[in-house]
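Heads up: the structure comes next, in structure tokens.
The values are calculated or read from the model by the stated rules, or taken from the named source; none is laboratory data. If you're wondering where the values come from, they're calculated on a predicted model, not measured in any experiment. Here the Cβ positions follow ideal geometry from the backbone for every residue, glycine too, while neighbour counts run over all protein chains shown. Accessible surface areas use protein heavy atoms only, side chains included; no ligands, DNA or RNA. Shrake-Rupley method; radii C 1.70, N 1.55, O 1.52, S 1.80 Å.
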Amino acid sequence: CEGIVERVALLRSGYTWTEGPAWDPARDRWVFSDVMGDTVYAITPSGYSTAIRKEAGYPNGHAILSDGTFVVAQHDRTLDTVNGDGQNFELLVDTYMGDKLNSPNDVAIGNDDSIYFTDPPFGIQGFGPEKAESALGYSGIFKTSNGKTELLNKELQAPNGIGISNDQTTLYISDTYTNALYTLDLTSFNGEPVMLKKFADLKQIEGGSTKSHGPDGLRVSTNGSIWASGKGGINVVSPDGALTCSIPFPNHVANLSFGGEDSNLILVTSA
């Protein structure tokens, strides 16, 4: 991605499986998860890292509300809120229509503080505190707002990363099993599930260790491009669905987050 990324440098290492970063502007640092390490960390752009929440419920994706509170998706089958220092942890959602969620995975937040999250089975398949059968019987994409949780879609086997377009009309969702990105038209949602549209097929990244991208987390940049992480690195996709470029990494990239005063820094969590 010449002209898009100036350089890539290792900031810190030694974690188990890093995931779910989000920028905390009040503290000039990112928060991120070590899922299998069951810990949430904070890290500055200079690389200073500290644990801010331990025995954390197998945390994964983070996103920040307008008041500075974080929403965290956890593989203990809950969606929760917590501040940037790991304090004031509170349950937000753990069921839908009376059934236990699978394992909330990633989160996106709209300009009106509506919360969107994916709920694949990874946590109950062994990447959480215990294995279990799905109570829902499907993997969902959900919206939570004003105390109400609604199902947006249940077509995908493994909805993973999620992001919202800058004009707030479209959700982008990565599906690990089909190696593709999908879109969901938020303007069509009236309380009933909305059909997805395939947006882009993601390709193997040269230098990667596998033959498929295995989409994981994603983020939407200020110019509207979608940065989709996965095996071998990051695919950058334009708003019209064309692959702009790829950034190779030696290992699986689980997620990323823009940060810094001008959002010109990117924290990449890579196993």
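Residue by residue through the stretch 217-235, note down the ones that are among the aliphatic types (A, V, I, L, M) and open to solvent by 10 Å² or more (accessible area, probe 1.4 Å).
V220
When F117 is evaluated against the numbered criteria (1) of a type outside the set (D, E, K, R); (2) farther than 28 Å from F189 by Cα; (3) outside any loop (DSSP other than H, G, I, E, B), which criterion, by number, is the only one it fails?
Answer for F117: the failing condition is (2).
Which of the following residues is among the hydroxyl-bearing types (S, T, Y) and more than 27 Å from G140 (Cβ to Cβ): Y58, Y41, Y96, Y116?
Y41
For the stretch 151-179: of the residues being more than 15 Å from the chain's Cα centre (by Cα) and open to solvent by less than 40 Å² (accessible area, probe 1.4 Å), which is nearest to D201 (Cα to Cα)?
For the stretch 151-179, the residue satisfying everything is N179.
Looking at the stretch 8-21, can you tell me whether even one residue there is surrounded by 15 or more Cβ atoms within 10 Å (Cβ to Cβ) and among the hydroxyl-bearing types (S, T, Y)?
Yes, the stretch 8-21 contains at least one residue that is surrounded by 15 or more Cβ atoms within 10 Å (Cβ to Cβ) and among the hydroxyl-bearing types (S, T, Y).
Out of the stretch 94-107, which residues are within 19 Å of I162 (Cβ to Cβ) and open to solvent by 10 Å² or more (accessible area, probe 1.4 Å)?
D94, Y96 - these are the residues of the stretch 94-107 that are within 19 Å of I162 (Cβ to Cβ) and open to solvent by 10 Å² or more (accessible area, probe 1.4 Å).
Looking at (1) open to solvent by less than 50 Å² (accessible area, probe 1.4 Å); (2) of a type outside the set (F, W, Y); (3) out of contact with any Leu (no Cβ under 8 Å at 6 or more places or on another chain); (4) more than 18 Å from Q74 (Cβ to Cβ), which is the one condition that is false for I43?
Unmet for I43, out of (1) open to solvent by less than 50 Å² (accessible area, probe 1.4 Å); (2) of a type outside the set (F, W, Y); (3) out of contact with any Leu (no Cβ under 8 Å at 6 or more places or on another chain); (4) more than 18 Å from Q74 (Cβ to Cβ): (3).
From the list K154, K211, pick out the single residue that is out of contact with any helix residue (DSSP H, G or I) (no Cβ under 6 Å at 6 or more places or on another chain) and modelled with pLDDT under 95.
The match here is K211.
For the stretch 3-24, enumerate the residues that are without any contact (Cβ under 8 Å) to a residue 12 or more places away in the chain and either among the β-branched types (V, I, T) or within 20 Å of V220 (Cα to Cα) (or both).
G3, E6, R7
Which of the numbered conditions does M36 fail, given that it passes all the others? Conditions: (1) within 25 Å of I266 (Cα to Cα); (2) assigned to a strand (DSSP E or B); (3) of a type in the set (A, V, I, L, M); (4) open to solvent by 10 Å² or more (accessible area, probe 1.4 Å).
(2)
So N251 clears everything in (1) surrounded by 14 or more Cβ atoms within 10 Å (Cβ to Cβ); (2) within 30 Å of G14 (Cβ to Cβ) except one condition, right? Which one?
(1)
Name every residue in the stretch 64-80 that is open to solvent by 30 Å² or more (accessible area, probe 1.4 Å), among the β-branched types (V, I, T) and within 15 Å of G20 (Cβ to Cβ), in order of residue number.
I64
Taking the condition farther than 30 Å from G37 by Cα and surrounded by fewer than 16 Cβ atoms within 10 Å (Cβ to Cβ), does N190 pass?
Here the answer is yes, as N190 does meet what is asked.
If G259 satisfies every condition in (1) open to solvent by 10 Å² or more (accessible area, probe 1.4 Å); (2) out of contact with any Ser or Thr (no Cβ under 8 Å at 6 or more places or on another chain) but one, which is the exception?
That leaves (1) as the condition not met.
If you take the residues of the stretch 130-149 that are over 17 Å from L91 (Cα atoms) and open to solvent by 30 Å² or more (accessible area, probe 1.4 Å), which of them is modelled with the lowest pLDDT?
The qualifying residue modelled with the lowest pLDDT is E130.
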